[in-house]
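Visitor: Next up is a structure, given as structure tokens.
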Amino acid sequence: SRSNRGKPMKQRLLVVANRLPVSAVRRGEDSWFLEISAGGLVSALLGVKDVDARWIGWAGVNVPDEVGQRALTKALAEKRCIPVFLDEEIVHLYYNGYCNNMLWPLFHYLGLPQEDRLATTRSFQSQFDAYKRANQMFADVVNKHYQEGDVVWCHDYHLMFLPKCLKEHNSKMKVGWFLHTPFPSSEIHRTLPSRSELLRSVLAADLVGFHTYDYARHFVSACTRILGLEGTPEGVEDQGRLTRVAAFPIGIDADRFKRALDLPAVKEHINELTKRFAGRKVMLGVDRLDMIKGIPQKILAFEKFLEENSAWRDKVVLLQIAVPTRTDVPEYQKLTSQVHEIVGRINGRFGTLTAVPIHHLDRSLDFHALCALYAVTGDYVALVTSLRDGMNLVSYEFVACQGEKKGVLILSEFAGAAQSLGAGALLVNPWNIAEVSASIGYALNMSPDEREKRHRHNYAHVTTHTAQDWAETFVSELNDTVVEAQLRTRQ
Ligand code: ADQ
């Protein structure tokens, strides 16, 4: 299409995700302070050529009054964001309940404790109803802002009901859906009481994407086994209508990390850290504090390593940075105490008057501090021991920040990233503490040649499979899908 002045108009992309990429803090009755969080998705979409992206999502705050809602909507518009307002009750049932306590553990193959499982079973219906209601609220906002020719890209397990809501309203709308978590084996998915409804709704999309081929295959199997539909090499077919299903492995904006390493502030940070840990090898863990990241397992493996390698005890330090998330969910509170307890015990056991083996921080680091950490540990080892992880971008970021240094990546075989960085990383089963401990020893003693060779492989991947490529490929494939209505006219 063309604008009035004859310049080609950029295609509009409506990106719908549970959370907007901003944090909003209320400053007064009608004033808001907004900060854009520069996550992977934001930079990925900024890099997509010829696309004019707008975001639709929840701002993460409860705004019960109309004055506040109006002011926030106006402020967000400047950041190309459109809010969906969710009240506390719906957030409790939809977000904390159905999304984070039901779908998240299930998609990561994590069972719930028995008492929580029973409670979840009881409250399932009210949570699922709230989930559908919330998805309809997202759909209403999309419908209000949709213009002909737009493409709509829905993100993640929070919005599995959205493709159906959108297509019911307008079957011509181009709708894509991408899952950032693993899609589990169909045997796991079929335990969900809402299994069929969710699958059918996702299938309303024109294109369905996953990080890996395995997740895509699990999804297709769930559709064939649970719904009795036909899986084809392109996707899933239902009465002549094809939903395209494919793998689109995400990447990072590697240049942004490389550029940061040249900044004086980051260099200074690196120097400070180097001095601070002089004489000790640094091992790094950076994770959201979440059950799926396998933080307790990682720390126990490190303890085993110290136990069995007394010569290393005062020569190695583990820096574990864990950002607290979902702090109102009891399971996450329990995890925090559990990690603190283990760290305290190990530091008590192996610490000296002047040094402890584990530095554990319960907080987020700013981008520059994070880059400095990735870079300073470059001589040494990063430990990513997720029990399951859709992809895991920390492993990519660590690799991108290695300049002259060639850090070793120990990576869980259950992270999607194992498929792309497997040849360069030391792959481990995070449940096998003896194996992780042995890999720590192997990594610390690895010859420079082997480090160089492994790093070269990973670096080539991370710098050539970027977030921009990911987003561009998804959007262009979505554009290439044939919308149902067009298909019908052609037949
Ligand atoms: P996450 O589970 O959040 O993402 P990940 O891919 O590792 O996991 O991304 C985390 C992001 O948060 C990284 O960019 C990292 O730099 C940042 N981060 C983590 N800890 C931090 C800290 N302490 N301080 C500052 N920043 C920190 C979900 C899926 C993943 C999938 C992504 C993208 O669970 O599997 O890779 O989405 O699809």
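Visitor: Could you please tell me which pairs satisfy a Cβ distance under 9 Å, a separation of 6+ or placement on different chains, a first residue in the stretch 332-360 that is within 22 Å of Gly279 (Cβ to Cβ) and touching a residue at least 24 places away in the same chain (Cβ under 8 Å), and a second residue that is among the basic types (Lys, Arg) and part of a helix (DSSP H, G or I)?
Guide: Between residues of the stretch 332-360 that are within 22 Å of Gly279 (Cβ to Cβ) and touching a residue at least 24 places away in the same chain (Cβ under 8 Å) and residues that are among the basic types (Lys, Arg) and part of a helix (DSSP H, G or I), the close pairs are Pro357/Arg349.
Visitor: Only one residue in Gly251, Gly176 is closer than 23 Å to Trp104 by Cα and not in a loop (DSSP other than H, G, I, E, B), so which one is that?
Guide: Gly176
Visitor: Kindly list, by first and then second residue, each pair from a residue in the stretch 399-414 that is without any contact (Cβ under 8 Å) to a residue 24 or more places away in the chain to a residue that is among the aliphatic types (A, V, I, L, M), limited to pairs with Cβ atoms under 9 Å and residues at least 6 apart or on different chains.
Guide: Within 9 Å, the pairs are Glu413/Leu427; Glu413/Val428.
Visitor: Is it fair to say Ile250 is of a type outside the set (Phe, Trp, Tyr), touching a helix residue (DSSP H, G or I) at 6+ places or on another chain (Cβ under 6 Å) and within 16 Å of the ligand (Cβ to nearest atom)?
Guide: Yes; evaluated as a whole, the condition is true for this residue.
Visitor: Do the conditions hold for Ser201, that is, is it farther than 27 Å from Ala417 by Cβ, touching a residue at least 40 places away in the same chain (Cβ under 8 Å), of a type in the set (Ser, Thr, Tyr) and assigned to a helix (DSSP H, G or I)?
Guide: yes
Visitor: If you don't mind, there's one more thing I want to ask. Which residue, of Leu273, Leu306, Leu284, is more than 27 Å from the chain's Cα centre (by Cα) and either buried (at least 19 other Cβ atoms within 10 Å of the Cβ) or within 11 Å of the ligand (Cβ to nearest atom) (or both)?
Guide: Of the residues listed, the single one that is more than 27 Å from the chain's Cα centre (by Cα) and either buried (at least 19 other Cβ atoms within 10 Å of the Cβ) or within 11 Å of the ligand (Cβ to nearest atom) (or both) is Leu306.
Visitor: With respect to the numbered conditions (1) within 30 Å of Leu370 (Cβ to Cβ); (2) surrounded by fewer than 18 Cβ atoms within 10 Å (Cβ to Cβ), which one is the sole condition not fulfilled by Glu66?
Guide: (1)
Visitor: Of Arg363, Arg345, which residue is within 16 Å of the ligand (Cβ to nearest atom), more than 12 Å from Asp290 (Cα to Cα) and surrounded by fewer than 14 Cβ atoms within 10 Å (Cβ to Cβ)?
Guide: Of the residues listed, the single one that is within 16 Å of the ligand (Cβ to nearest atom), more than 12 Å from Asp290 (Cα to Cα) and surrounded by fewer than 14 Cβ atoms within 10 Å (Cβ to Cβ) is Arg363.
Visitor: So which residues in the stretch 331-342 are polar (S, T, N, Q) and within 16 Å of the ligand (Cβ to nearest atom), if there are any at all?
Guide: Hit for the stretch 331-342 is Thr336, nothing else.
Visitor: When the stretch 190-210 is examined, which residues are found to be in contact with a strand residue (DSSP E or B) (Cβ under 7 Å, 6 or more places away or on another chain) and either modelled with pLDDT under 95 or within 16 Å of the ligand (Cβ to nearest atom) (or both)?
Guide: Scanning the stretch 190-210 gives Val208, Gly209, Phe210.
Visitor: Continuing with the same structure: Could you tell me which numbered condition Glu187 fails, if it satisfies all but one of (1) of a type in the set (D, E, K, R); (2) surrounded by 15 or more Cβ atoms within 10 Å (Cβ to Cβ); (3) under 26 Å from Ala417 (Cβ atoms)?
Guide: (2)
Visitor: While we're looking at this one, here's another question. Can you tell me which residue in the stretch 151-167 is surrounded by the fewest Cβ atoms within 10 Å (Cβ to Cβ), limited to those that are within 16 Å of the ligand (Cβ to nearest atom) and of a type in the set (Phe, Trp, Tyr)?
Guide: The extreme case among them is Tyr157.
Visitor: Still on this structure, I have one more. Just for strands (runs of 3 or more DSSP E) wholly inside the stretch 371-482: which have at least 2 residues that are more than 13 Å from the ligand (Cβ to nearest atom) and surrounded by fewer than 23 Cβ atoms within 10 Å (Cβ to Cβ)?
Guide: 426-428
Visitor: Out of the stretch 168-189, which residues are away from the ligand (no atom under 16 Å from the Cβ) and in contact with a helix residue (DSSP H, G or I) (Cβ under 8 Å, 6 or more places away or on another chain)?
Guide: Of everything in the stretch 168-189, those that are away from the ligand (no atom under 16 Å from the Cβ) and in contact with a helix residue (DSSP H, G or I) (Cβ under 8 Å, 6 or more places away or on another chain) turn out to be His169, Asn170, Ser171, Lys172, Met173, Lys174, Val175, Ser185, Ser186, Ile188, His189.
Visitor: Got at least one residue in the stretch 40-61 being out of contact with any Asp or Glu (no Cβ under 6 Å at 6 or more places or on another chain), over 30 Å from Arg256 (Cβ atoms) and not β-branched (Val, Ile, Thr)?
Guide: No; the residues of the stretch 40-61 include none that is out of contact with any Asp or Glu (no Cβ under 6 Å at 6 or more places or on another chain), over 30 Å from Arg256 (Cβ atoms) and not β-branched (Val, Ile, Thr).
Visitor: Can you say whether Val141 is touching a helix residue (DSSP H, G or I) at 6+ places or on another chain (Cβ under 6 Å) and either assigned to a loop (DSSP other than H, G, I, E, B) or of a type in the set (Val, Ile, Thr) (or both), as far as the supplied structure shows?
Guide: No.
Visitor: So, Ser23, is that one of a type in the set (S, T, N, Q), at pLDDT below 90 and closer than 25 Å to Ile252 by Cβ or not?
Guide: Considered against the rule, which asks whether it is of a type in the set (S, T, N, Q), at pLDDT below 90 and closer than 25 Å to Ile252 by Cβ, Ser23 comes out as yes.
Visitor: Going through the stretch 228-270 one residue at a time, which ones are surrounded by 15 or more Cβ atoms within 10 Å (Cβ to Cβ) and among the acidic types (Asp, Glu)?
Guide: Glu237, Asp238, Asp253
Visitor: Thr352 fails exactly one of the following numbered conditions: (1) of a type in the set (Val, Ile, Thr); (2) surrounded by 16 or more Cβ atoms within 10 Å (Cβ to Cβ); (3) more than 11 Å from the ligand (Cβ to nearest atom). What is the number of that condition?
Guide: (2)
Visitor: Only one of Val61, Val15, Val42 is touching a Lys or Arg at 6+ places or on another chain (Cβ under 8 Å), β-branched (Val, Ile, Thr) and not in a loop (DSSP other than H, G, I, E, B). Can you tell me which?
Guide: Selected residue: Val15, the only one of Val61, Val15, Val42 that is touching a Lys or Arg at 6+ places or on another chain (Cβ under 8 Å), β-branched (Val, Ile, Thr) and not in a loop (DSSP other than H, G, I, E, B).
The values are calculated or read from the model by the stated rules, or taken from the named source; none is laboratory data. This is a predicted model, so every value here is computed, not measured. No Cβ is skipped: glycine too gets one built from the backbone with ideal geometry, and neighbour counts run over all protein chains shown.
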